[in-house]
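One structure is given here, and the rest of the page talks about it.
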Amino acid sequence: MQNRLLVSLLVLLLMAAVALSGCGKEEKLTKVRLNEVTRSVFYSPLYVAISLGYFEEEGLELEITTGQGADKVMTALLAGEADVGFMGPEASIYVYNQGQDDYAVNFAQLTQRDGSFLVAREPNPDFSWEDVRGKSIIGGRKGGVPLMTLEYVLKKNGLIPGKDVEVLTHIQFALMGGAFTGGEGDYVTLFEPVATTLELESAGYVVASIGEESGEIPYTVFCARKSFIEENKEIIQKFTNAIYRGQVWVQNSTPAEIAEVIASFFPDANLEVLTKVAERYKNIDAWAATPVFTEEAFNRLQDVMEMAGELDKRAPYSELVTNEFAEKAIETIR
């Protein structure tokens, strides 16, 4: 009888130990609240890093919110509602120039070109930028990188916004596609997979890549408040490690492989659409190969902002960008 009780006690102790061991593993994951500017195939390296478990392997659990606009993401970040913001670095420049003490510091770059495409109402395989003269384009929020890059491309092609072409800026980012299909504007700039979805519905047709025309620009980056980075360097390093692993995987994979891995993030798009979109982004070299955010890229962004009339004074690269974590990730992850 005593032997049976002893065996039963040992079994119970073993089960408790297993349970506690499982709980311990869960406790090791540190939650990081990430607010992304929008959900797009343009950000594939991020979704790859999540899907392939790179964040979990670094001991992090991501809680993702989609802000729908860099201004909204930055507001959440400064209000303490997010730990990491994922948006255009122009938002950090605005905040710094406004005199914010605990400003946002950019620590990892993900994309290196504009990810939007110019969509027309009819197919036009022979499109030239002269075709938009006298027309209207739904271009995005005033002060945002999508609009500023579009205006940069227009001026590069001899077209003055407001004079040679009307650029509509009153429509919220998330509603641009709906406004276009509802009859507003002759053209619209859209991210993927929205642009391809409109093509499949014969509601719009991609005629040009804004990113291909504009050249390299630090389009979307990860940032956090200065105080958060100073107090959580290990978390930022682990986060950057996971992002870099996602970047490496995407660089070495086919559009079809990328589509399959990120499919769960786009339940309304089939694999054929996602593959086509990933191929478009691959073709224009949209994704940065590493998380390093160079001073040259930062200065080019400010050039675009100045040309758009959205920058009163230039912000210092040394204050708003750190490559400490990106360089360490590259060094340690081979």
- Mind listing just one residue for me: the one in region 102-135 that is β-branched (Val, Ile, Thr) and closer than 30 Å to Ala224 by Cα and, of those, nearest to the chain's Cα centre (by Cα)? Thr111
- Query: When you scan region 242-269, how many residues do you find that are within 16 Å of Arg280 (Cα to Cα) and in a helix (DSSP H, G or I)?
  - Reply: 9
- Filter result for Ala108 (small (Gly, Ala, Ser), touching a helix residue (DSSP H, G or I) at 6+ places or on another chain (Cβ under 9 Å), touching a residue at least 12 places away in the same chain (Cβ under 8 Å) and over 19 Å from Glu319 (Cα atoms)): no
- Filter region 51-82 for residues that are out of contact with any helix residue (DSSP H, G or I) (no Cβ under 8 Å at 6 or more places or on another chain) and assigned to a helix (DSSP H, G or I); the one that is surrounded by the most Cβ atoms within 10 Å (Cβ to Cβ) is Leu77
- Message: Suppose we keep only residues that are part of a strand (DSSP E or B) and in contact with a Leu (Cβ under 6 Å, 6 or more places away or on another chain) within region 137-171. Which one would you say is farthest from Gly182 (Cα to Cα)?
- Response: Pro161
- May I ask you to list the residues in region 259-299 that are out of contact with any helix residue (DSSP H, G or I) (no Cβ under 8 Å at 6 or more places or on another chain) and under 13 Å from Leu110 (Cα atoms)? Asp285, Thr294, Ala297
- Message: It is to be established whether one or more residues within region 136-152 are more than 22 Å from the chain's Cα centre (by Cα) and either aromatic (Phe, Trp, Tyr) or not assigned by TED's automatic domain parsing to the domain that holds Ala208 (or both).
- Response: no
- Item | Where Glu130 falls short, out of the listed (1) out of contact with any Gly (no Cβ under 7 Å at 6 or more places or on another chain); (2) in the same structural domain as Asp268 (by TED's automatic domain parsing); (3) assigned to a helix (DSSP H, G or I); (4) touching a residue at least 24 places away in the same chain (Cβ under 8 Å) | (2)
- Condition check for Val41: crowded, with 21+ Cβ neighbours inside 10 Å, within 20 Å of Glu260 (Cβ to Cβ) and not hydroxyl-bearing (Ser, Thr, Tyr): yes
- Item | Of the criteria (1) free of Cβ contacts under 8 Å to residues at least 24 places away in the same chain; (2) crowded, with 22+ Cβ neighbours inside 10 Å; (3) among the small types (Gly, Ala, Ser), which one Gly309 fails | (2)
- If you check every pair at least six apart or on different chains, which have Cβ atoms under 8 Å apart with a residue in region 78-101 that is more than 21 Å from Ile235 (Cβ to Cβ) and in contact (Cβ under 8 Å) with a residue 60 or more places away in the chain first and a residue that is assigned to a loop (DSSP other than H, G, I, E, B) and among the charged types (D, E, K, R) second? Glu90/Glu310; Asn97/Asp312; Asn97/Lys313
- Note on the structure: Conditions (1) under 21 Å from the mean Cα position of the chain (by Cα); (2) surrounded by 15 or more Cβ atoms within 10 Å (Cβ to Cβ); (3) under 27 Å from Asp268 (Cα atoms) -> Leu175 fails only (2)
- Can you find a residue in region 280-294 that is over 19 Å from the mean Cα position of the chain (by Cα) and either among the β-branched types (Val, Ile, Thr) or surrounded by fewer than 17 Cβ atoms within 10 Å (Cβ to Cβ) (or both)? no
- How about region 306-332: which of its residues are modelled with pLDDT of 95 or more and not in a helix (DSSP H, G or I)? Arg314, Ala315, Pro316, Val321, Thr322, Asn323
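The values are calculated or read from the model by the stated rules, or taken from the named source; none is laboratory data. All figures in this text were calculated on a predicted structure; none of them were measured in a lab. Methodologically, a virtual Cβ is constructed for each residue, glycine included, from the backbone with ideal geometry; neighbour enumeration extends over all protein chains shown.
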